[in-house]
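The values are calculated or read from the model by the stated rules, or taken from the named source; none is laboratory data. Values in this document were obtained by computation on a predicted structure and should not be read as measured data. A quick note on method: Cβ atoms are made from the backbone with ideal geometry, for glycine too, and the neighbour counts reach across all protein chains shown. Just so you know, the surface numbers come from the protein's heavy atoms only, side chains and all, with ligands and any DNA or RNA stripped out. Shrake-Rupley method; radii C 1.70, N 1.55, O 1.52, S 1.80 Å.
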Amino acid sequence: MADGEEDPAVFSCRCLPADPRLMATVTNAYLGTRVFRDILHVGGVYSGAGGDTHRADIPSPANVRVTVPGVDSLAQTFTLNTRTGTFSHVLQATDFTATHQIYAHQSLVHLLVSSITIQRSAPTTHPITVQLQTPFMPKSQDLDLKQGPDFQGAHYVYGRTLVPEVEGGPRPTVHMLWRPVPPALTLRRDERERCWQFLTAVAESREEVQRSYSHGVALVAAGALRAVHVRGWAELWRGCCVELDGPLSLRRALRGCLYYLLSTLPPRDCPGFLFQGISPGGLSNGTRGEDYWGHVFWDQDTWMFPNILLFYPEAARAILEYRLRTLDGALCNAREQGYQGAKFPWESAATGREVCPEEIYGAQEIHVTGDVLMAFEQYYCTTQDQKLFREDGGWQLVGAVAQYWCSRMEWSEEEQCYHIKGVMPPDEYHCLVDNSAYTNAVARRSLDFAADVARDFLVPVPEEWLDCAKRVKVPFDAEKKYHPEYDGYSPGEPVKQADVVLLGFPLMHPMSPEVRRNDLEVYEPVTERAGPAMTWSMFAVGWLELKEVQRAQSQLNKCFSNITEPFKIWVENSDGSGAVNFLTGMGGFLQAILFGYTGFRITRPSLRFDPALPEDVNNLEVTGVSYLGNKLKFTITKGEIRVQVTEAPQDPPASPLEVVLEGSGQHFPLREGQSVSFPTAAGWIQRSSTHASNLG
């Protein structure tokens with residue numbers, strides 16, 4: 001394979017994109033940057049009040065360019081290797097190779113690493129010198145940086161953010177140590193190869209930044225710094241393996257989406273780490289005025305979360321813990337708008353207070369509160385993690401959301417049902433509408449889940465929850481047999497993005513296949529072609545449900561116009577506008593594969609499956625699916641499904657599982673290390689029943 005051209009995990013090019021926004025990103029759960037950018041960002045570190053709250057720009061010492069002046073026939077290659085989470089710039093001359101690598105360390109999340117290696121490729125003896133260019137200045141528009149004493153040869157600055165998010169609120173402190181980069185590096189006459197490593201450590205305390213830098217220096221001395229990083233990425237990929245026999249373009253798009261999403265996950269085996277949520281542009285973006293300023297939206301809970309939950313329930317829990325930590329802000333938001341309970345902000349930063357720069361969205365796009373609770377429900381159904389809900393605040397959040405929805409509804413004597421008035425649906429072309437189908441359906445789902453949890457915990461279910469859930473209006477046209485987007489919607493009105501189609505998935509709102517088809521048919525032609533990137537993935541999922549695989553593929557193919565070369569960075573809109581490194585679009589695309597091709601559906605009693613593979617995909621393997629403590633591997637072809645329990649931990653014990661086929665009712669016990677197979681059909685995975693027997 002030349003320059004990774006046939007390797008779906010390696011993205012290479014000879015020249016960089018002209019638009020710097022489309023550079024590869026290197027991030028972990030704590031810090032991130034675009035390569036060759038002069039700033040980096042840290043999770044949860046914002047500056048600015050209210051609608052001016054944005055990720056604080058932190059100067060990046062890793063913004064280094066390697067050049068070799070005066071060398072003829074110098075070949076350059078730029079490569080993002082998603083297996084190792086490493087970006088490389090290789091300069092190839094006739095007698096030497098210089099390699100510059102940049103990565104955000106996967107295990108030591110406070111470290112950003114830049115290494116430069118010079119290696120002779122011919123038996124020469126002259127010195128070889130490369131020039132290093134860096135515009136780095138330890139200054140920031142968002143931090144009051146001060147210089148402190150050097151530490152182990154590293155320079156040191158520290159400072160607080162300038163403006164708190166809320167009056168009297170905290171102003172996080174940033175501490176940074178970095179090894180300064182010289183103007184040039186030389187491989188001496190007697191050296192064959194040499195590597196120089198430049199570490200940048202960033203943390204919110206002096207103790208942590210020194211500890212992280214010292215740990216990095218010790219690993220450099222042991223020759224193990226990059227090996228530990230690569231091992232961390234290998235473990236991530238082992239737990240999340242999605243392989244398909246299909247077009248290279250699809251495999252590369254899938255790999256890119258997984259890489260950028262995995263780059264955001266909190267580190268494993270680090271219980272004290274406070275995860276700060278995922279914004280649409282990730283940690284590499286979010287400066288003032290760009291990429292939604294680094295705020296957290298429903299994008300995290302609806303579009304990214306299900307993919308993470310499928311493989312990494314521990315990381316999914318960390319996302320939910322972010323919402324738990326910001327519950328006080330959500331309670332304030334509801335009170336300020338005159339309602340009870342908790343209203344999560346349309347745009348969230350560190351406190352959970354509304355930080356959207358435009359008031360209309362924070363006031364009207366209230367479906368985000370139901371979206372947050374749907375993530376809690378999906379987690380509850382797949383993990384049965386009682387501790388999160390009984391001891392760690394989950395039940396308080398569930399109850400507060402239910403209380404909000406009840407206070408937000410108004411009884412209509414005329415229609416004898418509850419209305420939710422004056423909202424903006426996911427389709428942002430319309431505002432101040434009454435009874436948004438999506439908003440009301442997600443409110444009903446919130447109340448149903450709250451009632452279910454109350455019953456599980458033997459807590460009396462408030463009658464109001466049951467009444468509001470049963471009698472909230474979800475608009476439906478009985479004559480045309482479709483769901484109008486809101487009261488008064490007329491078929492043919494333009495729609496910005498996926499809205500009503502979300503009732504089928506992820507909401508799983510009860511409807512017949514005929515109604516599901518009609519919703520797709522009504523909204524597909526009027527949805528903005530160049531709208532947000534996640535839209536067409538949801539149409540694809542809908543058509544896959546109906547086994548219309550060609551129509552599904554034509555919708556999914558639209559996503560490719562949002563993927564830029566060479567590093568598979570997604571843009572929010574196909575014309576290049578909006579957020580970049582658009583994790584929301586990637587999350588939608590992944591769901592089209594992980595929930596569309598497989599037919600996975602997370603329900604209260606089971607994990608359902610009902611595969612539908614397009615013509616050009618012959619085989620799909622999904623390894624690492626987490627369900628009730630087990631790890632599962634699914635191998636799906638057009639003719640057969642094979643399911644294997646690859647891990648069934650004993651501490652705590654994972655629930656014994658079985659496969660049940662929908663058509664025949666056959667039960668297949670699942671035991672660790674063994675696999676069961678059956679002709680491709682719909683079915684589900686559930687806890688083993690006492691009467692289960694292998695009828696196959």
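Key figures
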quantity: Two-decimal Rg/Rh across the stretch 66-212, once Rg and the Kirkwood Rh are taken from alpha-carbon atoms; calculated: 1.07
quantity: Neighbourhood charge, 14 Å Cβ-Cβ cut-off, centred on E193 and excluding it, Lys, Arg +1 and Asp, Glu -1; calculated: +2
quantity: Coarse-grained scattering of the stretch 83-141 at q = 0.18, 0.27 Å⁻¹, given as base-10 log I(q)/I(0) from a Debye sum over alpha-carbon atoms; calculated: -0.80, -1.13
quantity: Mean separation of Cα contacts under 8 Å, 6 or more apart, over the residue count of the stretch 249-384: relative contact order %; calculated: 20 percent
quantity: Positive minus negative residues near V622 (Lys, Arg vs Asp, Glu; Cβ under 12 Å); calculated: +1
quantity: With every protein chain in place, the stretch 183-311: carbon and sulfur % of accessible area (1.4 Å); calculated: 50 percent
quantity: Tail fraction, Cα-Cα pairs, the stretch 599-696, threshold 18 Å, whole percent; calculated: 42 percent
quantity: Amide H partners (placed H, <5 Å) of T86, local residues excluded; calculated: N81
quantity: Long-range HN-HN contacts of E640 with modeled amide H, under 5 Å; calculated: T680
quantity: Of the trypsin sites (Lys or Arg not before Pro) in the stretch 217-271, those whose Cβ has at most 12 other Cβ within 10 Å and which sit in DSSP loop; calculated: none
quantity: Sum of -39500 (n - 2.57) over DSSP H runs of 4+, divided by residues of the chain (222 nm, nearest 500); calculated: -8500 deg cm²/dmol
quantity: Residue-normalised accessible area of the chain, given per residue in Å² at a 1.4 Å probe; calculated: 37 Å²
quantity: For C356, residues with placed amide H under 5 Å, excluding near neighbours; calculated: E347
quantity: Fraction of accessible area attributable to carbon and sulfur, the stretch 338-457 (%, probe 1.4 Å); calculated: 42 percent
quantity: Accessible area (Å², 1.4 Å probe, nearest 10) - T173; calculated: 40 Å²
quantity: Largest-first principal axis extents of the Cα set of the chain (Å); calculated: 87, 62, 52
quantity: Taking the C-alpha atoms of the stretch 214-361, convex hull volume expressed per residue in Å³; calculated: 163 Å³
quantity: For the stretch 435-535, the fraction of alpha-carbon pairs in successive 10 Å shells from zero, as %; calculated: 15, 42, 27, 13, 3
quantity: Hydrodynamic radius (Kirkwood) for the stretch 277-419, which is based on Cα pairs only, to one decimal in Å; calculated: 15.7 Å
quantity: Mean separation of Cα contacts under 8 Å (6+ apart) over length of the chain, as relative contact order %; calculated: 11 percent
quantity: In sequence order, calculated HN-Hα J values of the stretch 497-509 (Karplus, 6.51, -1.76, 1.60; Hz; x Gly/Pro); calculated: 7, 3, 9, 4, 4, 6, 4, x, 8, x, 5, 6, 5
quantity: About the Cα centre, charge dipole magnitude for the stretch 552-696 (Lys/Arg +1, Asp/Glu -1 at Cβ), debye; calculated: 320 debye
quantity: Whole-number percent relative contact order across the stretch 591-696, with pairs defined as alpha carbons under 8 Å at least 6 apart; calculated: 24 percent
quantity: The stretch 108-205, dipole about Cα centre (Lys/Arg Cβ +1, Asp/Glu Cβ -1), debye to the nearest 20; calculated: 480 debye
quantity: Equivalent ellipsoid dimensions for the stretch 263-344 as semi-axes, Å, which come from the Cα gyration tensor, largest first; calculated: 23, 17, 12
quantity: Cα centroid separation - the stretch 141-202 against the stretch 435-471, whole Å; calculated: 50 Å
